[in-house]
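No lab work stands behind these numbers, since they all come straight from the coordinates. Everything quoted here is computed from the prediction, not taken from an experiment. A quick note on method: Cβ atoms are made from the backbone with ideal geometry, for glycine too, and the neighbour counts reach across all protein chains shown.
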Amino acid sequence: MKDTIIKNTEEYVRNELQGEGSGHDWWHIYRVTQLSKKIAQKEGANLYICTLAALLHDIADEKLNESEEGGIMKVKNWLQSQSVETSDMEIILEIISTISFKGGNGPALTMLEAKIVQDADRLDAIGAIGISRCFAYSGSIGTVIYDPKIPIRDKLTKEEYRQKEKSTAINHFYEKLLKLKDLMNTKTGKEMAVKRHEYMEGFLEEFYGEWEGEK
Ligand code: ADP
Ligand code: NI
């Protein structure tokens with residue numbers, strides 16, 4: 001029964017996210033689900049809840065819906081259509097509503113399963129994958145890779161974010177990616193973040209060296 005629900009949900013999410021260009025494509029969901037399962041096993045969390053929450057975590061995203069409530073309703077309708085038990089459904093909806101909205105600024109999470117899915121989502125934003133997603137996203141909004149004339153800032157206002165001439169892909173590392181390591185919730189998440197973080201630091205060192213023709 002639970003296996004069927006997971007299979008159906010995979011299928012549903014894959015269809016919903018087809019052609020999604022904002023970095024929330026199916027393969028992001030796939031990676032976050034794999035990471036969530038791995039962390040859940042190590043942390044002794046509920047694997048079924050983590051898997052469903054990870055699969056559905058971006059379905060309610062504001063980028064794909066008219067409103068937050070509309071997005072959450074969509075997830076609720078889906079879970080009901082699969083006859084997911086009410087208590088499980090409530091937990092999944094709570095996880096998704098607390099983590100999916102502008103992660104980092106939301107309330108501190110208390111539920112282990114929520115912490116795990118948030119860690120998995122953050123891990124997918126760092127390391128080699130995170131670097132790739134950053135440049136893919138920047139390309140999609142037309143931001144330059146880097147511009148030494150634009151001072152690096154670790155905070156950008158929403159408005160500055162939208163003004164291409166005020167931001168660069170490299171700036172996104174300082175504004176977000178390099179901060180994620182210290183925001184990990186679980187022991188396993190923290191451990192996994194270390195290597196990915198170091199990889200990004202190495203990447204930046206290499207990048208600046210190449211920029212000046214030193215390497
Ligand atoms: P999530 O909600 O999954 O954390 P976002 O929707 O904020 O992710 O972003 C999707 C991906 O695009 C992430 O990998 C993120 O780091 C990257 N990204 C978001 N905003 C920017 C930006 N201004 N410049 C470069 N990359 C970005
Ligand atoms: Ni995500």
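General remarks:
- Angle in degrees between helix 127-141 and the longest Cα principal axis of the chain, rounded to the nearest 10: 80 degrees
- In terms of distances greater than 23 angstrom between alpha carbons, the cross-link table entries Lys74/Lys155; Lys190/Lys215; Lys74/Lys187; Lys37/Lys190; Lys155/Lys187; Lys2/Lys38 yield Lys74/Lys155; Lys190/Lys215; Lys74/Lys187; Lys155/Lys187.
- Estimated FRET transfer efficiency when R0 is 35 angstrom, pair Gln163-Ser87 (beta carbons, to 0.05): 0.15
- Efficiency of FRET from Cβ geometry, Phe135 and Arg14, R₀ 41 Å, rounded to 0.05: 0.95
- Cross-link partners of Lys76 among aspartates and glutamates, defined as those whose alpha carbon lies under 17 angstrom from its own and excluding same-chain residues fewer than eight positions apart: Glu10, Glu11, Glu16, Asp58, Asp61, Glu62, Glu66, Glu68, Glu85, Asp88, Glu90, Glu94.
- Here the average projected area of the convex hull drawn through the C-alpha atoms of the chain stands at 12.3 nm².
- Given +1 at the Cβ of Lys and Arg, -1 at the Cβ of Asp and Glu and no other charges, the dipole of the chain around its Cα centre is 260 debye to the nearest 20.
- Under-5 Å amide H pairs with Arg153, H placed in peptide plane, nonlocal only: none
- With neighbours defined as other Cβ atoms within 10 Å of a residue's Cβ, the residues Arg133, Arg162 order from fewest to most as Arg162, Arg133.
- Proximal aspartates and glutamates to Lys195, defined as alpha-carbon separation beneath 15 angstrom and excluding residues fewer than eight positions away on the same chain: Asp119, Asp124, Asp182
- Of Leu109, Leu35, the sequence from fewest to most neighbouring Cβ atoms within 10 angstrom is Leu109, Leu35.
- For region 125-215, the convex hull spanned by the alpha carbon atoms encloses 96 Å³ per residue.
- Cα long-axis angle, helix 187-211 against the chain (0 to 90 degrees, to the nearest 10): 30 degrees
- Taking a ≥ b ≥ c as the square roots of the eigenvalues of the alpha-carbon gyration tensor, region 26-139 is classed oblate because a/c is 1.5 or more while a/b is no larger than b/c.
- Once the Cα atoms are used to define both axes, helix 2-16 deviates from the longest principal axis of the chain by about 50 degrees.
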